[in-house]
There are 2 protein chains.
Amino acid sequence: MDPQTLARFEARARIMKALAHPTRLFLVDALSGGEKSVAELTRMVGADISTVSKHLALLRTVGLVRDRKRGTRVFYSLQAPCILNFFGCLENVLRTAAEEQLRLAVSTPLAHDTQNANGDATG
Amino acid sequence: MDPQTLARFEARARIMKALAHPTRLFLVDALSGGEKSVAELTRMVGADISTVSKHLALLRTVGLVRDRKRGTRVFYSLQAPCILNFFGCLENVLRTAAEEQLRLAVSTPLAHDTQNANGDATG
DNA sequence: TGGCAAATTGGGTAAGTTGCCAAGTATGCG
DNA sequence: CGCATACTTGGCAACTTACCCAATTTGCCA
């Protein structure tokens, strides 16, 4: 991987890292319905406001959200709504993985415990 | 954030984490052209084969890629090609962020060094 | 000006991540 | 069988990240 390619993927990874946390994914999702203040988001998340503020700052640093100060409050909004398209893909991956797990469980049952553990032997 | 919502975003975050590394993003990109062996990918990445193997294992764990053993070799391929759509969004975010940086740099120049550093004082 | 509310920043600790080497596993071949 | 090749796994040191608490900054208003 040459330096230029590396730099490009490092830049992409920085954005992905910003999304690689449940709270931050939740924040992005919450902002899909329009801008919200830190306090409002803090209430939704249910963590310390300083924690939420730091999460938002990280999202802003990589350019995923933007902030707008109004009085003492700061409203955050989505800067890159195209992220939302990705959520469907994530659900897709999760569903496929779950199906795969199920398939494996059925096709390669454990040596012991095969008598009636599944509870579907009659159906 | 109620427990069920938390669980859903944790599951999503697990996938995002798997993508939150330059090497793993590179691997996903490399696999967009079809399945490749670990040795082949290792050559492209330029790291230790054990490192690449672990990256691939992680991608497989979350269901992003799949492996197929053939003889002594293991071929990996994309299980969730929809990820590739996201790369365009990432580039979008990067471009927008860069433009934003430029805009800020132009609108709020440093107090010193404003003589002709930009080279566009005459335009 | 003093005081309140909203938000950010700093700090310390606990937990997670990464990469390389070494060792182990699996397959093919003579 | 013995050996080589391809890959995976274990383990450890270096580094990064997350959270809560405390302190600070910012803006509003009496």
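The values are calculated or read from the model by the stated rules, or taken from the named source; none is laboratory data. Please read these numbers as outputs of a predicted model, since none were measured by experiment. Please note: Cβ atoms are built from the backbone with ideal geometry, for glycine as well, and neighbour counts cover all protein chains shown.
The set of residues in the stretch A:68-106 being within 14 Å of DNA strand D (Cβ to nearest atom) and in contact with a helix residue (DSSP H, G or I) (Cβ under 6 Å, 6 or more places away or on another chain) consists of A:Val74 alone. Between B:Val93, B:Val45, the distinction of being modelled with pLDDT of 95 or more and surrounded by 16 or more Cβ atoms within 10 Å (Cβ to Cβ) belongs to B:Val45 only. Checking the stated criteria, B:Leu56 turns out not to satisfy the condition of being part of a helix (DSSP H, G or I) and touching a Pro at 6+ places or on another chain (Cβ under 8 Å). Of all residues in the stretch B:14-48, exactly one satisfies the criterion of being farther than 19 Å from A:Ala11 by Cα, in a helix (DSSP H, G or I) and small (Gly, Ala, Ser), namely B:Ala39.
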